[in-house]
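The values are calculated or read from the model by the stated rules, or taken from the named source; none is laboratory data. In this text, all values refer to a predicted model and were calculated from it rather than measured experimentally. Glycine also receives a Cβ, built like all others from the backbone with ideal geometry; neighbour counts cover every protein chain displayed.
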Amino acid sequence: MKVSVITVAYNSVHTINDTMLSVLNQTHRNLEYVLVDGGSSDGTVELIRQYEQRIVRWVSEKDGGIYFAMNKGIDMASGDIVGILNSDDIYADDKVIEDVVSTFHSTNADIVYANLVYVERDNVNSIVRRWNAGNYKDGMFLSGWMPPHPTFFIKLEHYKRWGCYKTELRSSADYELMLRMIHKHKLKVAYLDRCIIKMRQGGQSNLSLKNRMKANKEDRLSWKLNGIQPFFFTTWLKPLRKISQFFRRS
């Protein structure tokens, strides 16, 4: 199976080198790397050019934000499977894509997701918390569950059939997409029970109460856009579920 990994970037000079190497060093050979830069001015583009012989497709131009860039990357992708790795995240080791492909083969799934760890921005070996996603059961989105988006791999055909990221959402388009694909359209999912992503701290939706309130509003809109009704407590359980991540040891 051919895998397209998409990285979107904007002024990411301090982290994107680690990201690119973690993709380019994967043992799975049938891999295309697609990189979408939003017109960086900090040296990011110069770093990308150092690897452009190994990057299948890349572009640097102004866009409408992260979800516009993700959609652009999906349009550029030609793999059977698509995964998105942000420019400040890295794969946990060089066999991640190999294991993801093996899981698709063994389960005949439409979607594969796994675990991740949050790490310090300046030390990716220092783990701050762990997100062990667990096995999905139908209806779990109603109790605030979602898989970690950086670990989310999906067959390209489903983007073409059901659509990409809804850019009217500013912080919850990843949540809406996974809600739509898994909860609404009932695509077959498989859980790879291991850590595949090291994610640097700094998610915008959790930086303040104000941002969390905005994210909660968008989470509710995600359900409305899909014509489905959550429980009154669903979107509040979503951030509360993260508390246990600080106490996981393995």
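When you check Leu35 against the structure, is it closer than 12 Å to Ile97 by Cα, surrounded by 18 or more Cβ atoms within 10 Å (Cβ to Cβ) and at pLDDT 95 or above, yes or no? Against the criterion (closer than 12 Å to Ile97 by Cα, surrounded by 18 or more Cβ atoms within 10 Å (Cβ to Cβ) and at pLDDT 95 or above), Leu35 does not qualify.
State whether one or more residues within region 164-174 are touching a strand residue (DSSP E or B) at 6+ places or on another chain (Cβ under 7 Å), surrounded by fewer than 22 Cβ atoms within 10 Å (Cβ to Cβ), modelled with pLDDT of 95 or more and not polar (S, T, N, Q). No, region 164-174 has no match at all. Only residues that are part of a helix (DSSP H, G or I) and among the β-branched types (Val, Ile, Thr) were counted in region 220-238, giving 2.
Arg170 meets each of the listed conditions (1) more than 17 Å from the chain's Cα centre (by Cα); (2) under 18 Å from Lys72 (Cα atoms) apart from (1).
Scan region 134-163 for residues that are exposed (fewer than 14 other Cβ atoms within 10 Å of the Cβ) and either in a loop (DSSP other than H, G, I, E, B) or in contact with a Leu (Cβ under 7 Å, 6 or more places away or on another chain) (or both) and the total you get is 6. Scan region 1-11 for residues that are within 30 Å of Glu157 (Cα to Cα) and part of a loop (DSSP other than H, G, I, E, B) and the total you get is 3.
Filtering region 42-57 for residues that are out of contact with any Phe, Trp or Tyr (no Cβ under 7 Å at 6 or more places or on another chain) and either touching a residue at least 60 places away in the same chain (Cβ under 8 Å) or closer than 15 Å to Tyr165 by Cβ (or both) leaves an empty set. Selection within region 120-147: residues that are of a type in the set (Lys, Arg) and touching a residue at least 60 places away in the same chain (Cβ under 8 Å). The member of this set that is farthest from Gln245 (Cα to Cα) is Arg121.
Listed by position, the strands (runs of 3 or more DSSP E) contained in region 49-129 that have at least 2 residues being more than 19 Å from Pro150 (Cβ to Cβ) are 57-60.
Annotation for region 111-124: at least one member residue is over 16 Å from Leu24 (Cα atoms), among the basic types (Lys, Arg) and touching a Lys or Arg at 6+ places or on another chain (Cβ under 9 Å).
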